[in-house]
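Worksheet: the structure to be examined is printed underneath.
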Amino acid sequence: MPLLPPIPALSWFNQHRLLTMVLVCLFHLLLSWLGLQVPFFNEHISLIWPATGFTIAVIWRLGYSYSISIAVSVILLTSLQGLPLASSIALGLGNALGPALAVRLFAVKKLRYQLDNARDLIWFLVFSIGVGTFITSVNGASQLWISGYVSDALWFSTMLAWWFGDSFGVLVFGIPLLCFQRRQWRLLSGWRFWSVLSLSGLTSLLVFWIPGAHLWSPTLLFVPLLVLLWIVLRQGLWASSVNVALITSLAVIGTVQGRGMFVDPEPLQSLFSISSYILVISLFSYLLAFLHQSSERTRDNVNSALQGSGLGIWQLDLQQDQVQFFGQAEVMLGYQAGELGRGFQHWTNLLHPDDAAPTRLALTQHLKGITPLYQIEFRLRHKAGHWVWMLSQGRVVERDAQGRASRMVGSNTDISALKQADLAVSQLKDFYATVLSKVVTGVWVGDARHRLIYVNQGLSRLMSMAETDLLNKQILTDFPEQTLQHFRPFYYRAMHGLTPVRFEALPIQTPGGRQLFLSGWLVPLLKDGSFDGMIGTVDDMTQQRQYEQQILQLAFVDQLTGLPNRAALQDKARDLLAGALQQQQQLAVYHIDLDHFQHINDSMGHDTGDMLLKMVAERLKMLTTAQDLLSRPGGDEFFLIRACRTEHDVLQTAHQLILLMSEAFAVEERMLQVSCSIGIALFPQHGLSFAELQRMADIALYAAKAAGRNRYSLYNPQMSEILHERLQLEHGMRSGLYAGQFSLHYQPVQTLADRQIVSVEALLRWQHPQLGNVSPVRFIPLAEHSGFIVELGEWVLQQALKQLARWRTQGVILRVAVNISTVQLRHPDFLRQLQQALTQHGVAGNQLELELTESVLAEQVEQSRHLLQQIRALGVTLALDDFGTGYSSLAYLKSFPLDKLKIDRSFVRDLLTDPDDRAIVHSVVVLGHSLGMRVVAEGVEDAGQLHQLQQMDVDEVQGYLLSKPLPPEELENWLRRVHSLGLPHLQ
């Protein structure tokens, strides 16, 4: 619970707390000094102490921290009055503690400092006067007694006088300070406030300052009170509290100076008289202010309620022939309040001429007591000129002695929107009736006895019956039984469940013999929660049904070849396996995949590929029987499932398939040679479900392709192990790269002209923790197939450039050749990664050589040429690796920006014994030199090969004769050892 209520609009004081505390201290000191100017008792006690009211207002509105300012002010004042320092401190603490404790009690009771209700004011007086000022008075009298200013006999009277002074300070000055809000500034700036304040001052001077006024009549004391009552009714609580403070101040000062009506030889009697008077005028003024505020608030609430309700309240005085309006009565017609006047005739003049007679009749019947309530709808003319529909209701509330109505009260409600809505509903009803009669959808309505009471033209056309023939038919009995046996379950479900029901593809037969399939909704009508009829909609779904049947058929047929597709293969294979299991037959599943079919699509177009697939399907059908299942699940794959007795039968069929595909296909005047690879699985040996058999056939197909394609392979368990090893390698590559299992070895390349080592080729090595040294021949194709070659190739490039940079710092000037996969080269970020790697390691482009395969020249020629030109622009050397083993066109070779041709080791191996290899090597050298390229021979292993290659003008060689691939450290040692070949000695 918060100690203080929220204080709005005090942000300035909070932002300047220290300055505010100083100002509070000074103002409290000023008010205390003013209080001392009117001593009443023992020259130390004032009858009214405004500083106490100021203290409570400050602590309540600004916070407890301002108690410090109050305490400091009291200590300064009492010290100046000559009190000992200890008593001054005690008085300061007491004058701060009492009000602070009262404010704490205010917070407990959740009082509002505005004091705008009687409860808050009563508890404020109880806590502030009964607790706060009691503590200050007891403490003050005690400190004066301790200091010797008050005797024992006078302690109680001193305490009582102190309490009176503090209490009247709270009552007279505390309340105005607490009630002050921003809106009071308007009073301060108005002449009426100051005029009334001046009047209060004049009356108070008259009563309390004229000598001898105590001899006048006491009734003059009511003059200030009357002024206060007028202020309460006109200007509110705060203005009255300010006037109370003024009257009280003048009364006290005049009495202290021996003037006015309260002068008495006995000081205590004067104290009692003036305190009683102040209490009376204060409490009476505040009570009247609260009652006035309450009545104003109630009136505002009633007016707000009337304004919010939109009602126009009227009161008709039949004897005076006058009407009085409240709420929205005049506003809803465009008039200001009071603008229509009070004459009843003014009101009746606004009536629409057509509504005047019915309105007069309804009013007369109620006045005579014929109807218990006056209620009529009529139109009134708006100020703008248009008509406003009103629902007027009223009742007689008073009658005279003869029983004649004298006063009547009622209300007017603007129902123009409802009238417009009724008109719109009527028009909409006619519109929908027209629409329903024209729509194609059949619509009907049945009553609670299941008879048709409405049918539209759409239903009539659908049933080929006239509307008159359909009306009054019994829905559940008057139609063909063949139709009703399908329809009744839906109807009963909607009727008993009282919820809409959808029916689909309901078969019916029209009287003309047409077979239709209908769909629609049955929506029950309810009355008092019970079934009261049915609305039905009907759509002809016959054609859609036919389409669905065609689509269903298409869903199981491959549109290109007419063979069962993947979905049909699954279903029919399941049936074949179930039948074979019952008859204890063996089945063979052949997975047929065309070899290099993608090359045909890429080079000749998909139309050619589709025509080829059709021809393949027709040729495969030549080997099938009615008991076989031939399917094309997609792409260039086919499945054949047939019964077999022995393994010899299985392999013979596979051999026939291979021979069948070996004959060329004539496609658009082209002869295309296409081979196939076949994987075979047997039921039930290799699996009892088609999913298992398909997986085993896939494994066997992979084995056939790995063995060189254009062959078949029958599944055996060892194939699964091979596939498992392949998966192990694929997974191991990713983890092995980050585990540091990969490394680069470098094989030197020597020029034959000067026998210098000018470059090295970076070769990737993988040391697997379980499989040992894995050959690149095994893992590179897997990396290309899985796409991991991009990440692996980037790592190789980074490592090679890093090593090249390190050698350069050691004074070793070499060029490094890195093999780039076609998959890696096709990656869209390859060029950016290459540029970034060269920049990162500070390597010039001419120190890097990229070795490419021939497949780059055959695929995406223009795109590849553009990319290689961009790489060449970086200064990077481009070499075509394993030249002669691919299938690229020599025409492409001339247009690509290549620097080197590398002769594959397969031609170098038999160079001394095979004349054909010598001819090929010679041709490559001549071709390369004619195109301005250097020619490099790979796989040189003996001196005879080296001598022969030198005779053929080969530019560079590499191979085991020179050195095997070495780790970087061993290569550096090797270079030091062979310096006799012309290399500089490396330090």
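Across the range 660-732, counting alpha-carbon atoms alone, Rg and Dmax equal 15.5, 49 Å. Kindly work out what percent of the DSSP beta bridges joining two residues of the range 670-804 are antiparallel, to the nearest 5. Rounded to the nearest five, the antiparallel share is 80 percent.
Taking a straight Cα-Cα cut-off under 19 Å and skipping sequence neighbours fewer than 8 places away in the same chain, the aspartates and glutamates within cross-link reach of residue 473 are 447, 481, 532. A Cα-only calculation for the range 439-546 places Rg and Dmax at 13.1, 43 Å.
Close amide H contacts of residue 387 (hydrogens built in the peptide plane, cut-off under 5 Å, sequence separation of 5 or more or a different chain): 382. With kT/(6 pi eta Rh) evaluated at 37 °C and eta = 0.692 mPa s, and Rh the Kirkwood radius from Cα pairs, the range 503-619 diffuses with a coefficient of 165 µm²/s according to Stokes-Einstein.
Straight-distance candidates among the aspartates and glutamates for linking to residue 621, with alpha-carbon spacing under 16 Å and chain neighbours fewer than 8 residues away dropped: 558, 593, 636, 637, 663. Proximity of backbone amide H atoms, modeled 1.01 Å from N, is registered between residue 397 and 407, 408, 409 at under 5 Å, excluding neighbours fewer than 5 places apart on the same chain.
Kirkwood-type hydrodynamic radius, the range 692-795: 16.1 Å, calculated from all non-identical alpha-carbon pairs.
The ellipsoid equivalent to the alpha-carbon distribution of the range 712-768 has semi-axes of 38, 18, 6 angstrom, derived from the gyration tensor eigenvalues as √(5λ) and listed largest first. Over every Cα atom in the range 310-420, the radius of gyration and the widest Cα-Cα span, Dmax, amount to 13.6, 45 Å. Across the range 493-510, coupling constants 3J(HN,Hα) worked out from phi with the 6.51/-1.76/1.60 Karplus curve, θ = phi - 60°, read 5, 5, 5, 7, x, 6, 9, x, 10, 9, 10, 10, 6, 7, x, 9, 10, 6 Hz, and Gly and Pro carry x. Protection proxy ranking of 443-451, 69-77, by the mean of other Cβ atoms within 10 Å over each peptide's residues and highest first, is 69-77, 443-451. Applying a threshold of 32 Å to the alpha-carbon distances of 419/527; 614/894; 572/705; 705/902; 802/902; 802/964 flags 614/894 as lying beyond it.
With a 10 Å radius around each residue's Cβ, average the other Cβ atoms per peptide and rank 689-699, 159-169, 658-668, highest first.
By packing density, highest mean first, the sequence is 159-169, 689-699, 658-668.
Values quoted throughout were computed directly from the atomic coordinates according to the rules given, and no laboratory measurement underlies them. Note that the structure is predicted; figures quoted are calculated from it, not measured. Every residue, glycine as well, gets a Cβ built from its backbone with ideal geometry; the counts of neighbours run over all protein chains shown.
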